[in-house]
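Below is one structure, written out as structure tokens; the observations come after it.
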Amino acid sequence: MQPTTRESNREKSRWLKTVVGDEKRWIRLSIAAGLLAGLMLILQAYLLSKAIDATLFHNAQLSDLSHWLVIIVVALLCRAALGVAREWCGQRASVGVRSRLRAELIQRVASLGPAYTRQQRSGELSSLLIEQVEALDGFIARYLPQMSLAVMLPLVILVFVLPLNWAAGLIFLVTAPLIPLFMALVGTRAAEANRKKLQGVSSAECLFLRCCARSFNTKAFFQK
């Protein structure tokens with residue numbers, strides 16, 4: 001049972017990645033914005049360390065550090081702008097994918113006809129078309145870009161750290177692979193919790209729609 005479940009999860013993950021389709025360009029732009037924001041962070045850390053070193057060990061005055069401080073502030077503003085751009089690109093991709101997927105699902109249900117919809121629970125269908133499609137927002141807008149950034153950013157940081165201090169670079173090289181591992185563990189737990197939540201919502205919606213249908217039938221009966 002366990003291998004089957006794992007294979008099913010892998011197939012679902014592959015399908016979720018392929019469903020992005022034409023919106024991949026926005027995902028790539030979100031990743032690029034995240035990488036540039038990471039570079040701005042590295043620049044800030046480098047200049048801040050230089051400023052602290054000059055102040056503590058070389059008796060530098062504030063006027064001597066003004067050009068570094070200006071660059072740090074500019075890098076901070078660039079990071080904020082890139083963060084907004086990254087979020088906007090992710091949301092643009094998410095909106096496009098969800099709109100297209102919802103349209104395809106509605107078209108598919110319509111092509112199956114009333115004979116199919118009568119055999120299905122209306123609560124599950126409405127949950128599929130609304131809640132479960134909306135639940136893809138976090139996966140597309142944040143998870144997909146972050147999954148790439150979790151691999152790229154440590155390598156970029158390592159490129160800058162290793163020439164300066166090989167010992168720190170070696171420690172970073174050993175501990176960096178733990179980041180995707182913990183991300184995978186957290187993602188697995190989150191997916192399981194989200195699956196249970198969607199099942200509960202679907203059951204509640206089905207019960208609510210049944211109650212509404214029964215109340216409508218009862219009202220129509222007494223009106224007669």
Residue, modelled with the lowest pLDDT, within the stretch 127-136, restricted to residues that are surrounded by fewer than 16 Cβ atoms within 10 Å (Cβ to Cβ) and not hydrophobic (A, V, I, L, M, F, W, C): Glu131
Any chance Ala150 is in contact with a Pro (Cβ under 7 Å, 6 or more places away or on another chain), modelled with pLDDT of 80 or more, in a helix (DSSP H, G or I) and not charged (D, E, K, R): yes
Condition met for Arg86 (of a type in the set (D, E, K, R) and modelled with pLDDT of 80 or more): yes
Residue pairs meeting the criteria (Cβ under 9 Å; at least 6 apart or on separate chains; first in contact (Cβ under 8 Å) with a residue 24 or more places away in the chain, in the stretch 164-183; second among the aliphatic types (A, V, I, L, M)): Ile179/Ala150; Ile179/Val151; Pro180/Met147; Pro180/Ala150; Pro180/Val151; Met183/Met147; Met183/Ala150
Leu76, sole failed condition from (1) under 27 Å from Val159 (Cα atoms); (2) crowded, with 16+ Cβ neighbours inside 10 Å; (3) over 16 Å from the mean Cα position of the chain (by Cα): (2)
Residue check, Phe139 of a type in the set (Phe, Trp, Tyr), modelled with pLDDT under 80 and within 16 Å of the chain's Cα centre (by Cα): no
Tally of residues being exposed (fewer than 14 other Cβ atoms within 10 Å of the Cβ) and either assigned to a helix (DSSP H, G or I) or of a type in the set (Lys, Arg) (or both) across the stretch 153-179: 13
Leu178, sole failed condition from (1) at pLDDT 70 or above; (2) touching a Lys or Arg at 6+ places or on another chain (Cβ under 7 Å); (3) not basic (Lys, Arg): (2)
Within the stretch 89-118, considering residues that are closer than 23 Å to Leu39 by Cα and touching a Leu at 6+ places or on another chain (Cβ under 9 Å), the one surrounded by the most Cβ atoms within 10 Å (Cβ to Cβ): Gly90
Arg28 surrounded by fewer than 17 Cβ atoms within 10 Å (Cβ to Cβ) and at pLDDT 90 or above: yes
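The values are calculated or read from the model by the stated rules, or taken from the named source; none is laboratory data. Fair warning: this is a prediction, and the values are worked out from it, not measured in the lab. Note that each Cβ is placed from the backbone with ideal geometry, even for glycine, and that neighbours are counted across all protein chains shown.
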